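Working notes for the structure below.
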Amino acid sequence: MKTKKKIVMAILLITALFMINGCGGQPNNQLEMDSAKPYIAVIAKGFQHKFWQTVKKGAEQAAEDLGVTITFEGPDTEAQIDKQVEMLDAAMSKNPVAICLAALDSRAVLSALEKAQSRGIPVVGFDSGVDSDIVVATAATDNEAAAALAADKLAEAIGKKGEIGMVVHDQVSTTGRARRDGFINRIESTYPDIDIVEVLYGEGDHTKSADAAKAIMTAHPSLKAIYGSNEGSAIGVMLAVEEMNKVGKVQVVGFDSGKKQVDSIRSGDMLGAVTQNPIQIGYKAVEAAYRAYQGETVQKTIDTGFEWYDKNNVDSDIIKDLLYD
């Protein structure tokens, strides 16, 4: 009889657990899914930089304000293009009403986006757009204009002449190309006595970017400055300059505002950087996706703004709200 009682109790326990999981358990998503709310999938380039974590805060705030459910995910590093494509395919299987995407490679995601279009799922780009009319809107910094501003600041710092180098995070995303080309175009069109001696790519990784910067400085002993096109690139360049005892001899201009950047700018070791508005990037992307799902017309390009900061204004009211260190 004791054995029978144990078996019955075990069956009852298993049944109770099954009912709990079936009715009130948590789904295997980053954020709790609420089936009563529209679901928007948000896929970033990664999580390795504070920038993306701050974008996530903006996206979550928009979701709360609009009454929608979101998931926010990205690959471990910004070199994992295949992983991001897998995440996009997985998100599609959850039947989102819209998708927000910061594409690592604008061509690699086209097949998945064509599937979204065929199913009537609007796609909004954020931070990095996609070279396709499938995307109904893109919430991003005007990266070419921001890179041109960085070029102006760097040129002024070196007396508008000399050799400079560039460490860019990639050449396949729209942000990589825009921040590279915006910088190059401004230097070539405005500063004839400045020579860009080398452009290398570090995948936004600190170590790879540092190695690239060291290679440039080694090959060009007279180098006056290096531009890093995102948080990982700029921090990598700064680490290389420190390691090679070039602080003050090689000026560093960056993009974004990771802690190492902000600390280096406050100390004067880094000249300055362009900071984006990641909260607005995340917020505006989700807002545009929701509006598109509702059938509303959305602005094709949503400029989320940028500002230059250096040791003179890093602690000002305007700048401190844009830093994500």
Margin query: Checking Leu31 against (1) open to solvent by less than 20 Å² (accessible area, probe 1.4 Å); (2) modelled with pLDDT under 80; (3) of a type in the set (A, V, I, L, M), only one condition comes out false. Which one?
Written below: (1)
Check: When the stretch 182-217 is examined, which residues are found to be within 22 Å of Gly159 (Cα to Cα) and not hydrophobic (A, V, I, L, M, F, W, C)?
Finding: Gly182, Asn185, Arg186, Glu188, Ser189, Thr190, Tyr191, Pro192, Asp193, Asp195, Glu198
Checklist line | Test for Ser189: is it out of contact with any Gly (no Cβ under 7 Å at 6 or more places or on another chain), open to solvent by 40 Å² or more (accessible area, probe 1.4 Å) and at negative phi | finding: yes
Check: Would it be correct to say that Ala234 is in a helix (DSSP H, G or I) and out of contact with any Asp or Glu (no Cβ under 8 Å at 6 or more places or on another chain)?
Finding: no
Note to self: If I filter the stretch 274-284 for residues that are in contact with a Gly (Cβ under 8 Å, 6 or more places away or on another chain), surrounded by 15 or more Cβ atoms within 10 Å (Cβ to Cβ), assigned to a loop (DSSP other than H, G, I, E, B) and at pLDDT below 95, do I get at least one hit?
What the structure shows: yes
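Residues checked against (1) over 24 Å from Ser257 (Cβ atoms); (2) at pLDDT below 95:
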| site | (1), (2) |
| --- | --- |
| Pro75 | no, yes |
| Asp89 | yes, yes |
| Asp105 | yes, yes |
| Val109 | yes, yes |
| Ser118 | yes, no |
| Val130 | yes, yes |
| Asp133 | yes, yes |
| Ala140 | no, yes |
| Ala147 | no, no |
Check: Across the stretch 255-285, what is the total count of residues that are closer than 21 Å to Arg177 by Cα and acidic (Asp, Glu)?
Finding: 1
Item checked: Leading residue by the ranking (farthest from Asp152 (Cα to Cα)) among those in the stretch 218-231 that are small (Gly, Ala, Ser) and either open to solvent by less than 10 Å² (accessible area, probe 1.4 Å) or not in a loop (DSSP other than H, G, I, E, B) (or both) -> Ala219
Next item on the list: Assess whether Phe306 counts as being within 24 Å of Ala155 (Cα to Cα), touching a residue at least 24 places away in the same chain (Cβ under 8 Å) and open to solvent by 50 Å² or more (accessible area, probe 1.4 Å).
Entry: yes
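The values are calculated or read from the model by the stated rules, or taken from the named source; none is laboratory data. Values in this document were obtained by computation on a predicted structure and should not be read as measured data. When we count neighbours, we look across all protein chains shown, and the Cβ atoms used for this are built from the backbone with ideal geometry, even at glycine. The protein model used for the area step is the full one, side chains on, heavy atoms only, and it has no ligands, DNA or RNA in it. Shrake-Rupley method; radii C 1.70, N 1.55, O 1.52, S 1.80 Å.
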